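Okay, structure first, notes after.
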Amino acid sequence: DQQVKQNSPSLSVQEGRISILNCDYTNSMFDYFLWYKKYPAEGPTFLISISSIKDKNEDGRFTVFLNKSAKHLSLHIVPSQPGDSAVYFCAASVIGGSNYQLIWGAGTKLIIKP
Amino acid sequence: ETGVTQSPTHLIKTRGQQVTLRCSSQSGHNTVSWYQQALGQGPQFIFQYYREEENGRGNFPPRFSGLQFPNYSSELNVNALELDDSALYLCASSPGDRVDPGELFFGEGSRLTVL
């Protein structure tokens, strides 16, 4: 049972335009969400996060939106740059449990076209 | 530079064998977790260690075991390898505590192929 779903395996966007990556979750207990970025032959690197008490968090070109009623979050990248080409993972967790376990989506491969 | 290193980067084993994967965390990172990433999927939580004690396990059988050492290194051991164990194994460390470790810093992973 996939608790975190990224339904688009890949996304192609023109350089300079906005990239929107989507993520849906089923577990209403999740209260912290993160986006990680992964280049080939490297481990994932943290990009941006959002707590369930917020509906938006911005960091430079990256903004994450959370819609709790729809159990949906999205990552906006604007403007998109060639270096943004990577696989993006959405992950979720429950803070305050006995340990810190991230539940991950399958990832979306973002391709930025020049 | 995350400061988390894993070894080996690639290895091939045959079914039934045992494997040990190693991870070296940054100094001061008391929490380490291990993830399995099969091809085309997201990472799956195997277990977490905090100050050398396992304090959480995902849906993996007991033949997956681990150790964390005082020098911020850790190991993942897998016994009786099966073909489905072929995957990328990721180690992640964090300076925080067991329930709120903060940002996870990942190594580049160890790619295991079981034939």
About the Cα centre of the protein assembly as shown, what is the dipole size in debye to 20, counting +1 per Lys and Arg Cβ and -1 per Asp and Glu Cβ, all else neutral?
460
Using the basic label-point model (7 angstrom from Cα toward the beta carbon), what is the A:K56 to A:D31 distance in nanometres?
2.4
Given chain B, report the % of alpha carbon pairs whose separation exceeds 26 Å.
12
Extend 7 Å from the Cα of B:N79 along its Cα-to-C-beta direction; within the stretch B:45-70, residues with backbone N under 13 Å of that point are B:61-66
Using the C-alpha gyration tensor of the stretch A:5-114, what are the square roots of 5 times its eigenvalues, in whole angstrom, with the largest one first?
24, 15, 12
A 30 angstrom limit on the alpha carbon distance is what I want to check against. Which of A:K71/A:K109; A:K54/A:K113; A:K68/A:K113; A:K56/A:K113; A:K5/A:K56 exceed it?
A:K54/A:K113; A:K68/A:K113
For the pair A:K5 and A:S74, how long in nm is the line joining their label points, each one 7 Å along Cα→Cβ?
1.7
Bounding extents of the protein assembly as shown in its principal axis frame from Cα atoms, largest first in Å, are 49, 37, 34
Packing-based order for B:59-66, B:43-50, using average beta carbon neighbours within 10 Å, highest first
B:43-50, B:59-66
To the nearest µm²/s, what D does Stokes-Einstein give for the stretch A:60-114 at 25 °C and 0.890 mPa s, using the Kirkwood radius over alpha carbon pairs as Rh?
185
Under the Debye formula (equal points on every Cα, no solvent term), log10 I(q)/I(0) of the stretch A:1-62 at q = 0.18, 0.23 Å⁻¹:
-0.88, -1.33
Whole number in Å², please: accessible area per residue of the stretch B:32-115, 1.4 Å probe, ligands, DNA and RNA not counted.
42
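The values are calculated or read from the model by the stated rules, or taken from the named source; none is laboratory data. Just so we're clear, the structure is a prediction, and the values are computed from it rather than from any experiment. Please note: Cβ atoms are built from the backbone with ideal geometry, for glycine as well, and neighbour counts cover all protein chains shown. Keep in mind that these areas ignore ligands, DNA and RNA; they rest on the heavy atoms of the full protein, side chains included. Shrake-Rupley method; radii C 1.70, N 1.55, O 1.52, S 1.80 Å.
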